[in-house]
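> This structure is in structure tokens; I'll ask about it shortly.
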Amino acid sequence: MSLIQELDRLKIPLEDIKSATNNFSDENLIGRGGFGRVYKAQLCLSASTTSSTDRGTTVAVKRLDVRGGKSGQGKREFLMEIFMLASYKHHNLVSLVGFSDERGERIIVYEHEFHGSLDRHLATNLTWVQRLQICLGAARGLNHLHSGVSQGHRILHRDIKSSNILLNENWEAKISDFGLSRIGPTNQEFTFLITNAAGTFGYLDPVYVTTGILTKESDVYSFGVVLFEVLCGRLAMTKEYKDERRSLSHLAQLHYKEGKLDEIIDPNIQKEIKPNSLRTFSSIAYQCLKQNRKQRPTMALVVEQLLISLEFQTGCRRITQIGLWGSSTGGGPWSFQLGSNQKLRKITMDHKNWIYSIAFTAEDFSGVSESSQRHGGHDGPSGGTISEVINFEVDEEITEIHGTVGSTNWLWSNCMVISSLVFVTNKKRHGPFGKEDGTSFSVSCDVGSFAGFYGRSDFKKGIPIASSSMTQKISYEGEIFIYRGSNVHLAKLQRPVLASCKYLKFQLGNPNIFGAYFNTPTLGMKTRQVLGNAFPVPNPESRLNPCPDPVPKNP
């Protein structure tokens, strides 16, 4: 049975379509492109049509150019789009109403999306939150095509662009135009197809153009261009400029690397974007445009990062301190927390048998650097590595920190210190620094969620860092998991937003967490609750006398 026969139930008589569009009147015309024209119509379906669409529904009618030119959509593309829309359904994919293939006409009928295509709204007064929600919806639709349609195959769209993202009355995104789409297998690490490059100039993956090899990462590249269109309020290509500004992909990458994105962000939204939201959004958009396909994110990761960006913008995420490794009493406290418009660019350390000292340098989006003082002793025993520097790239983000807590074996023996550190980023592994000896610790965080360090150190005798930790941006939750050995205990808060986690403290020699301290806004910021009773402890009185706060009051 042919594909048309299999989809016979979706056929709509040509006469019904001509009547609904006033014989394709210009008064009904709402869009045009290389494929043909789009008309708005109020379609009353004939009784023979079994589509579930209500009679009298407003629809969009795409009348394809069948004159045979290169810009027209051929029979194969026509059938492919019908097959895709009939087979794969998702909230963020446009919905098929039916089609007509009579008397030389090729017509596809969709549900009408009230606000039209995204490209028409790039330079309008859409708020940053609205733009984020649109991007998030489109990302979810594309992620479904890449990983959600079947266990055995995925859909490669091949023509992702802002004009193919439609917006309904609630500004929800719907991916459309599947005529160029291809089906590829998922039972291999990298799905690729050899094809003639197709798509739209300005959005095309340059690797696809030069090699003819299509992968899902080609769609990711195109989506990255769309993200920068939304951020900058302009199309991927513009005839207004004859220089480097003509191509948004090139322009955005250049400004991101130079830390000058503020120069090209849409003025309509520039003042309302919160720095953390911008940092997360721009970072994932930039990763989509990587020349090396292996360095491009999956659409699942894009969805995750856009959600984080939205949470930062709407205030649903907080910065919380997690983990304390080492001593909570030795030396004096210090902290280094990144500002909302800063990225960590450099870590400087003295080390050999342990970490003698550490210092940090951050840089804001305008390129202004800020360095901390050196925390700990200036050096240790002779022969130590003095001032070894980690220089982070612009798009490099810490995702894991590993280390060990040990004891000194020099003039001041048995002093608890951070004996080694390893910093893992989304690009490479830095370290180990120091000597990997003692009790191990590790912590991980999402790309873009790292927020800084806090700890204690002793400057008096050159004894280095006595404790170290990190802070991470996490969601505001109504419960906290307390880990004890191999068991997990759940401590419920009294109400969902009663408190925010301040820190968790580890006992050395015993990996159990024995308490969780909370700031309680309803009782005053200085009041603390100790959830040490989330699990049995040998000495019931111990949880009533928490250790001194290992972080400064105003980090």
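> I'd like to compare 109-117, 300-308, 239-247, 206-214: which one has the highest average count of other Cβ atoms within 10 Å, and what's the full order after that? Display every interim value, and only then the final one.
Numbers: 109-117: 19.3, 300-308: 20.9, 239-247: 10.8, 206-214: 15.7.
Result, highest mean Cβ count within 10 Å first: 300-308, 109-117, 206-214, 239-247.
> Tell me the Rg and the Dmax, in Å, that the Cα atoms of the stretch 196-320 produce.
So, for the stretch 196-320, Rg and Dmax equal 14.9, 50 Å respectively.
> Next question, about the same structure. Tell me which residues come under 5 Å, amide H to amide H, from residue 356 once H is placed; ignore anything under 5 positions away on its chain.
HN-HN under 5 Å from residue 356: 350, 351.
> Applying 1/(1 + (r/R0)^6) with R0 = 41 Å to the Cβ-Cβ distance of residue 30 and residue 294, what FRET efficiency is obtained, to the nearest 0.05?
Details: r = 41 Å, r/R0 = 1.00.
According to the calculation, E is roughly 0.50.
> OK, next. Sequence-distant or interchain residues sharing an amide H contact under 5 Å with residue 37, placed H: which?
HN-HN under 5 Å from residue 37: 63, 65.
> Quick one: of 174/346; 161/242; 242/428; 260/294, which pairs are farther than 30 Å apart, Cα to Cα?
Working: 174/346 42 Å; 161/242 22 Å; 242/428 38 Å; 260/294 26 Å.
Those over the limit are 174/346; 242/428.
> Could you give the alpha-carbon Rg of the stretch 81-220 over 2.2 N^0.38 Å, rounded to two decimals? Intermediate values should be presented prior to the final figure.
Details: Rg = 15.5 Å, N = 140, 2.2 N^0.38 = 14.4 Å.
Relative to the 2.2 N^0.38 Å estimate, the stretch 81-220 comes out at 1.08.
> Could you work out how far apart the two model spin labels at residue 22 and residue 240 are, taking each label as a point 7 Å from the Cα in the direction of the beta carbon, and quote it in nm?
3.3 nm
> Just to be sure I understand the model, the point goes 7 Å from the Cα along the line to the Cβ. What's the resulting residue 120 to residue 170 distance in nm?
That separation, rounded to one decimal, is 2.1 nm.
> Additional query: Taking a ≥ b ≥ c as the square roots of the eigenvalues of the Cα gyration tensor of the stretch 229-295, is the shape rounded (a/c under 1.5), prolate (a/b larger than b/c) or oblate? Don't jump to the answer; show the numbers that get you there.
Values: a/c = 1.91, a/b = 1.04, b/c = 1.83.
It is oblate, given that a/c is not under 1.5 and a/b is not larger than b/c.
> Of the heavy-atom accessible surface of the stretch 56-177 (probe 1.4 angstrom), what whole percent is carbon and sulfur? Don't skip to the answer; put the middle values down first.
Numbers: 2170 of 4740 Å².
Using a 1.4 Å probe with all protein chains present, the stretch 56-177 comes out at 46 percent carbon and sulfur.
> Could you check how many percent of all C-alpha pairs in the stretch 199-245 are farther apart than 14 Å? Don't skip to the end; give the middle numbers.
Working: 585 of 1081 pairs.
It works out to 54 percent of all Cα pairs.
> For the stretch 102-180, what does the alpha-carbon gyration tensor say about shape, rounded, prolate or oblate, given a ≥ b ≥ c as the root eigenvalues, a/c under 1.5 as rounded, and a/b over b/c as prolate?
On the way: a/c = 2.31, a/b = 1.21, b/c = 1.90.
Note, shape of the stretch 102-180 comes out oblate.
The values are calculated or read from the model by the stated rules, or taken from the named source; none is laboratory data. Just so it is clear, the model here is predicted, and its values are computed rather than measured. With ideal geometry, Cβ positions are generated from the backbone for all residues, glycine too; neighbour counts draw on all protein chains shown. We work out accessible area using only protein heavy atoms, side chains counted, and drop any ligands, DNA or RNA first. Shrake-Rupley method; radii C 1.70, N 1.55, O 1.52, S 1.80 Å.
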